[in-house]
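Computed from the coordinates by the stated procedures, all read-outs in this text should not be read as laboratory data. Not measured: the values here are computed from a predicted model. Backbone-built Cβ (ideal geometry, glycine too); neighbour counts: all protein chains shown.
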Amino acid sequence: MKNNPIAFITGYSHERLNVLHRWAGRFCWVQASIHVCLYMYTWERTGSLIIRLLQPDPAFRAGLISWLFFSILFVCSFAFIRRRAYECFFIVHIACAIGAVVSLGWHAPKTYGMVLYLVGGMWVFDRSVRFIRGVHYSKGTKATIYPLPGDAIKVVLNKSATFQPASHGFINIPSLKLFQSHPFTISSADSLEFIIRGQRGFTRKLYDRAVKNPGESLSCYFDGPYGNIPDYRRMNRVILFAGGSGGSFSFAIATDIARNLARCCVESIEFVWVIRERAHTKWFEKEIDELAECPVVNLRIFITGEDSNLINSHPESPVSASAENLRASPPLEGAMDSDIAVDDKPGSSSPICAIDFVSLPEKALQLEINAEEKINTTSTPGRQSSLQGEYFEYGRPDLGSIVKEAVRNARQNDLVAVGACGPTELMRRARNAAADVITPGGPSISLHCEQFGWG
Ligand SMILES: Cc1cc2nc3c(=O)[nH]c(=O)nc-3n(C[C@H](O)[C@H](O)[C@H](O)COP(=O)(O)OP(=O)(O)OC[C@H]3O[C@@H](n4cnc5c(N)ncnc54)[C@H](O)[C@@H]3O)c2cc1C
């Protein structure tokens with residue numbers, strides 16, 4: 001439930017309250033199971049179990065049915081089912097929740113009647129708000145789709161909205177999947193744009209469609225914006241870590257600050273983006289150029305899936321060398337956790353100076369990438385990135401030392417914000433890095449980790 005009284009009172013967004021939702025659900029099931037087991041045990045002891053089970057008492061049967069619904073709900077919510085078959089989980093979840101609540105009302109109308117009316121009312125309210133908002137944002141809304149390297153898609157909506165940078169919204173494109181609505185982070189600071197990685201379901205269809213008809217505009221329903229992102233403009237030092245499409249989160253925040261520097265307290269932004277291939281910089285070309293120009297931003301792009309030796313290897317045969325190396329680079333997997341290659345060692349980054357990027361094999365590599373892109377994808381039209389080699393490093397970043405360095409000269413009353421979005425491992429390291437620099441009498445450190453999933 002996205003619009004609920006607890007979110008309204010606490011100010012927490014629905015994805016934060018998800019933890020409460022889960023534990024409340026588990027507690028309900030355990031409590032209902034104890035209730036059922038105790039009754040069964042007592043009837044068994046008194047020898048009346050079979051008679052009780054066969055009795056045509058609607059209240060008794062409704063109770064059993066309600067417990068069955070709760071049990072299916074409980075089992076189908078296990079992470080391995082949710083991750084493998086999200087749509088199936090979603091449909092079963094809604095159907096069983098309605099079934100459980102209605103049959104519980106039948107089972108004990110006096111005890112639960114009012115509570116269930118209240119719960120039902122809240123659910124109907126949430127759906128109505130989402131429907132009305134959806135209709136408002138969706139009248140004439142078109143989503144223009146562009147394929148990008150690395151199985152990604154850029155989606156641009158022809159609507160404007162007021163939102164906090166890095167908020168998310170739900171997109172439904174009926175011509176691709178009629179009843180499916182998927183959450184995506186708004187990747188731009190001021191317009192409804194999204195960078196989406198193609199997975200197996202809706203996003204794969206979207207990618208295939210974008211490759212087939214680049215620049216096509218499709219009718220779209222948008223529900224949002226949602227999310228409760230800290231106000232980074234108030235911070236003195238901002239450290240942003242992102243992996244792959246998690247860049248939607250950090251580019252939106254950093255470009256918002258860069259565009260409103262005069263109105264922000266921000267003195268420095270340490271911006272770290274980890275990607276598998278250099279071609280992925282096409283996802284945020286415009287934003288990268290903007291950040292590169294911003295005086296307070298230290299932009300660092302780590303490439304984990306390409307070998308830095310590539311640049312100076314095989315000088316006698318540049319084209320074939322780069323082509324071979326390209327093919328030898330680790331494959332891109334669909335899973336979001338694979339945005340960072342596992343074979344790289346933390347801190348093994350090797351900075352590359354700008355001059356390296358004009359060497360012949362690298363030019364050949366660029367040609368190869370461009371050729372592949374021409375075949376597979378069409379990038380957002382109209383511009384060439386002026387991206388310099390000085391922003392690139394190879395290998396995984398050492399988040400611990402980046403955070404330490406960023407807060408080294410921080411004053412005691414400075415507000416330091418660490419934000420991270422990307423694979424689980426990157427977020428774990430960001431958490432540890434932030435925790436390591438918390439010292440008594442040191443600057444105030446806050447951490448926000450944005451997850452691309454419900455956990
Ligand atoms: C708040 C939030 C923001 C996100 N922002 C982005 C973004 O900016 N860019 C991006 O590429 N991805 C983002 N994601 C992830 C994106 O929602 C899923 O990758 C997408 O829904 C997968 O759709 P699919 O049908 O192709 O999935 P499938 O191929 O069927 O499954 C792939 C994975 O996505 C999960 N998934 C499927 N449907 C949903 C759903 N409706 N909600 C949540 N998870 C789902 C599955 O459990 C599975 O783990 C975000 C997720 C959340 C929760």
Please work out how much length the chain gains when fully extended from Arg52 to Ser128, using 0.36 nm per residue of separation minus the C-alpha to C-alpha distance, in nm with one decimal. 23.2 nm
List the trypsin sites (Lys or Arg not before Pro) in the stretch 198-227 that DSSP assigns to loop (not H, G, I, E or B) and whose Cβ has at most 16 other Cβ atoms within 10 Å. Which are they? Arg200
What nm distance separates the two modelled labels at Glu44 and Lys177, each placed 7 Å from Cα along Cα→Cβ? 4.3 nm
Residues Lys159, Lys110 in order from fewest to most other beta-carbon atoms within 10 Å are Lys110, Lys159
Each residue of the stretch 265-274 in turn: what ³J(HN,Hα) in whole Hz from Karplus with 6.51, -1.76, 1.60 and θ = phi - 60°, glycine and Pro shown as x? 8, 5, 9, 8, 10, 8, 10, 10, 10, 10
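Which order do Thr281, Thr439 fall in if you start with the one that has the fewest other Cβ atoms within 10 Å? Can you show the working numbers first?
Working: Thr281 20, Thr439 9.
If I rank by nearby Cβ atoms, fewest first, I get Thr439, Thr281.
Can you tell me the FRET efficiency between Ser33 and Asp436 if r is taken as the Cβ-Cβ distance and R0 is 35 Å, rounded to the nearest 0.05?
About 0.25, to the nearest 0.05.
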Which of Val101, Val416, Val274 comes first, and how do the rest follow, when ranked by fewest Cβ neighbours within 10 Å? Val101, Val416, Val274
Going 7 Å from the Cα of Phe60 along its beta-carbon direction, which residues of the stretch 103-126 have the amide nitrogen within less than 15 Å of the resulting point? 107-108
Everything considered on the Cα gyration tensor (a ≥ b ≥ c; rounded for a/c under 1.5, else prolate if a/b is larger than b/c, else oblate), the stretch 1-125 must be described as prolate
